[in-house]
Amino acid sequence: MRFNKLSLLLIGCAMAQLVQAHEFDAGQLHIDHPWSRALPPVAPAGAAYLSISNHGDSADTLLGAQTEVAGKVEIHEHVHADGMMKMQRVESLVIEPGATVTFAPGGYHLMLFNLARPLAAGDSYPLTLQFANTGEVEVQVNVQADDEPSSAQEEHHHQHH
């Protein structure tokens with residue numbers, strides 16, 4: 001019985017470190033839970049999601065992003081136009097002081113074009129975000145089978161935010 005409890009404790013600690021490693025701080029910006037949805041191997045495009053919080057006194061602007069898994073990355077948003085939901089490119093995105101911008105399905109997202117490899121559940125890949133003031137920030141994007149954070153990530157998010 002003692003071995004099982006120790007094993008569970010070690011697994012729990014490892015999972016907590018993984019969750020903690022999924023938050024990134026750069027200057028006044030805090031980037032939380034970068035993720036992508038797993039896709040079929042033949043998918044030509046995908047998307048990355050995350051949240052960016054500005055804890056500083058001045059605005060910063062997301063200018064773009066790049067990753068080795070895609071030929072091109074663009075900032076996109078979904079909008080209602082003429083009674084239809086459409087996706088459109090956004091040249092840049094201002095993150096005001098004290099604000100959090102959430103990239104999620106059906107809203108802002110980073111569109112990944114010309115995928116170099118499949119986005120398979122359990123994988124991860126680097127993504128470099130380019131900001132006007134903060135400069136380049138590299139994050140790790142986890143590829144998930146589901147759209148929602150895992151229960152461990154969700155519990156961590158509620159405990160620390």
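The values are calculated or read from the model by the stated rules, or taken from the named source; none is laboratory data. Because the structure is predicted, anything quoted here is derived from the model rather than measured. Please note: Cβ atoms are built from the backbone with ideal geometry, for glycine as well, and neighbour counts cover all protein chains shown.
The table for this structure:
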item	result
Condition check for S124: small (G, A, S) and under 12 Å from the mean Cα position of the chain (by Cα)	yes
Residue in the stretch 31-46 that is touching a helix residue (DSSP H, G or I) at 6+ places or on another chain (Cβ under 7 Å) and in contact (Cβ under 8 Å) with a residue 40 or more places away in the chain present	yes
Number of the exception - D146 against (1) assigned to a strand (DSSP E or B); (2) at pLDDT below 95	(1)
Matching residues in the stretch 18-70 - criterion: being modelled with pLDDT under 95 and of a type in the set (S, T, Y)	none
Residue satisfying all of: in the stretch 51-63; part of a strand (DSSP E or B) and in contact with a Leu (Cβ under 8 Å, 6 or more places away or on another chain); surrounded by the fewest Cβ atoms within 10 Å (Cβ to Cβ) among these	T61
Test: residue in the stretch 78-92 that is at pLDDT 95 or above, closer than 24 Å to V143 by Cα, of a type in the set (S, T, N, Q) and in a strand (DSSP E or B)	no
